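Notes follow once the structure below has been shown.
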Amino acid sequence: MKLKKELNLLDVFCVATGAMISSGLFILPGLAHAQAGPAVVISYVLAGLLATTGMLSQAELVSAMPKAGGDYFYVTRSMGPALGTIDGILTWMSIALKSSFALIGMAAFSSLLVGMDIRLIGIILCAFFVIVNLIGIKGAGRFQVVFVVVLIILLIFYVIKGIPSVDINNFKPFAQYGALAVVSTAGFVFVSYGGLLKVASIAEEVKQSAKTVPLGMILSLAVTSILYALVVFVTVGVLGAKELDSSLTPISDGAFVFLGKYGRILFGSAAILAFVSTANAGIMAASRYPLALSRDHLLPKIFGRVNLKFKTPDISIFITGIFIAAALFLDLTLLVKIASAVLIFTFIFSCLCVIVMRESGVHNYQPRFRSPLYPWIQIA
């Protein structure tokens, strides 16, 4: 049974954006500033440019093959089922692990309010998002739109209110650790853009997907890159090195400077909202990989079952939810390292797939969107 096409451009934009804006903005700026100094702003820009290569390649592939499973489907069709299977399973695990990390981050903030064990909160939240996604992707998409729109408004508010409080002296010396540190830090914060490619896995459920998904990805990366640069600029400017380098809640701390204690509460809530959107997008995207593998008879047939009433891959969503809940008990450092390593391979595979499909001259490979500056974008 085919999945129902219910998502539009706004849904695609919000799934991609919500999957990106998470710990990379609400936790990493302080750690990144300790490595690159004030030039961390440039590191975020460079990371965004690097993400553009994978995004353009993925956008071309999805415009030609808008199928559930995203990069698994593309790798299988261009480089064979062996590599495709490995890529599909690893990507499923990576997205699920990152969703688990988001749930832990959200639970950590929530535990301050309700006084419950962090992992218990994480399991409850995971169960909630599994139910939302089981009921239907349209409902999950609407949740995502609300989360992301509110989050973007809050971040714009942060920038507008924070700019007058920026102290230019906090940017001197600018690249105090050298150009190499700026570049290496770009690799460190690259994970901030990791959620961008998740949206390709739900392309089969998007209206006019060959056109809508590439446009949604491009808009999402553009908006997120600008927000990252502006928010990090304001945060560096209002906090300075002494306070920022040791902060794991840099945005909340920055808001405290120019909005007081209510600013800290507001942007602590914004962090929770960011983790919510990442977890929801992760469950939505990750669950489509077992479905795609099952269709190719690489997993048991039951993983490919589509619920007759809700038109969602219920078994795949349920199994993904169990995996995410189990991952809540893993070591956090290990969790993030595995997810980040697989992310890099995903971007590499996307670029390789475009080269293979174009150079092999496959007759039915007719993408609606073609990556510009081929093959230099892919090689870069």
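The values are calculated or read from the model by the stated rules, or taken from the named source; none is laboratory data. Remember, it's a predicted structure, so these values are computed and weren't measured experimentally. Cβ placement follows ideal geometry from the backbone for every residue including glycine, while neighbour counts extend to all protein chains displayed.
Identification of helices (runs of 4 or more DSSP H) wholly contained in region 176-259 with 3 or more residues that are more than 27 Å from residue 345 (Cβ to Cβ) yields 209-239, 241-244, 250-259.
So is residue 51 among the aliphatic types (A, V, I, L, M) and closer than 30 Å to residue 300 by Cβ or not?
no
Candidates are the residues of region 55-90 that are surrounded by 20 or more Cβ atoms within 10 Å (Cβ to Cβ) and at positive phi; the one that is modelled with the highest pLDDT is 70.
Which residue, of 277, 294, is assigned to a helix (DSSP H, G or I), under 25 Å from residue 11 (Cα atoms) and either touching a Cys at 6+ places or on another chain (Cβ under 8 Å) or free of Cβ contacts under 8 Å to residues at least 24 places away in the same chain (or both)? Step by step, each of 277, 294 is checked, and only 277 is assigned to a helix (DSSP H, G or I), under 25 Å from residue 11 (Cα atoms) and either touching a Cys at 6+ places or on another chain (Cβ under 8 Å) or free of Cβ contacts under 8 Å to residues at least 24 places away in the same chain (or both).
Please tell me if residue 317 is of a type in the set (A, V, I, L, M, F, W, C), surrounded by fewer than 20 Cβ atoms within 10 Å (Cβ to Cβ), more than 16 Å from the chain's Cα centre (by Cα) and at pLDDT 80 or above. Considered against the rule, which asks whether it is of a type in the set (A, V, I, L, M, F, W, C), surrounded by fewer than 20 Cβ atoms within 10 Å (Cβ to Cβ), more than 16 Å from the chain's Cα centre (by Cα) and at pLDDT 80 or above, residue 317 comes out as no.
Per the listing 122, 141, 162, 178, the residue uniquely crowded, with 19+ Cβ neighbours inside 10 Å, farther than 30 Å from residue 201 by Cα and small (Gly, Ala, Ser) is 162. So which pairs qualify, if the first residue must be in region 205-232 and of a type in the set (Asp, Glu), the second must be modelled with pLDDT under 90, the Cβ gap must be under 8 Å, and the two must be at least 6 apart or on different chains? Within 8 Å, the pairs are 205/3; 205/4; 205/5; 205/6; 205/7; 205/68; 205/137.
Residue-wise test of (1) free of Cβ contacts under 8 Å to residues at least 40 places away in the same chain; (2) in contact with a Lys or Arg (Cβ under 7 Å, 6 or more places away or on another chain); (3) of a type in the set (Gly, Ala, Ser).
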residue: 259; (1), (2), (3): no, yes, no
residue: 282; (1), (2), (3): no, yes, yes
residue: 285; (1), (2), (3): no, yes, yes
residue: 298; (1), (2), (3): no, no, no
residue: 302; (1), (2), (3): yes, no, no
residue: 343; (1), (2), (3): no, no, no
residue: 352; (1), (2), (3): no, no, no
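On inspection, residue 117 fails the criterion of being within 30 Å of residue 309 (Cβ to Cβ), at pLDDT below 80 and of a type in the set (Asp, Glu). Applying the criterion of at least 2 residues that are hydrophobic (A, V, I, L, M, F, W, C) and under 18 Å from residue 371 (Cβ atoms) to the helices (runs of 4 or more DSSP H) found wholly in region 21-113 leaves 40-64, 71-79.
Could you please let me know if residue 369 is crowded, with 18+ Cβ neighbours inside 10 Å and outside any helix (DSSP H, G or I)? Taking the combined requirement at face value, the residue satisfies it. Among the residues of region 25-46, those that are crowded, with 24+ Cβ neighbours inside 10 Å and under 16 Å from the mean Cα position of the chain (by Cα) comprise 25, 26, 44. Within region 184-209, if we keep just the residues that are of a type in the set (A, V, I, L, M) and at pLDDT 80 or above, the residue that is surrounded by the most Cβ atoms within 10 Å (Cβ to Cβ) turns out to be 206. Residue count for region 132-172 satisfying the condition of being over 21 Å from residue 320 (Cα atoms) and part of a helix (DSSP H, G or I): 25. When we screen 127, 181, 175 for residues that are modelled with pLDDT of 85 or more, more than 21 Å from the chain's Cα centre (by Cα) and either among the basic types (Lys, Arg) or on the phi < 0 side of the Ramachandran plot (or both), the only hit is 181.
If you check residue 152 against the conditions, is it more than 30 Å from residue 309 (Cβ to Cβ) and either under 18 Å from the mean Cα position of the chain (by Cα) or among the β-branched types (Val, Ile, Thr) (or both)? Yes.
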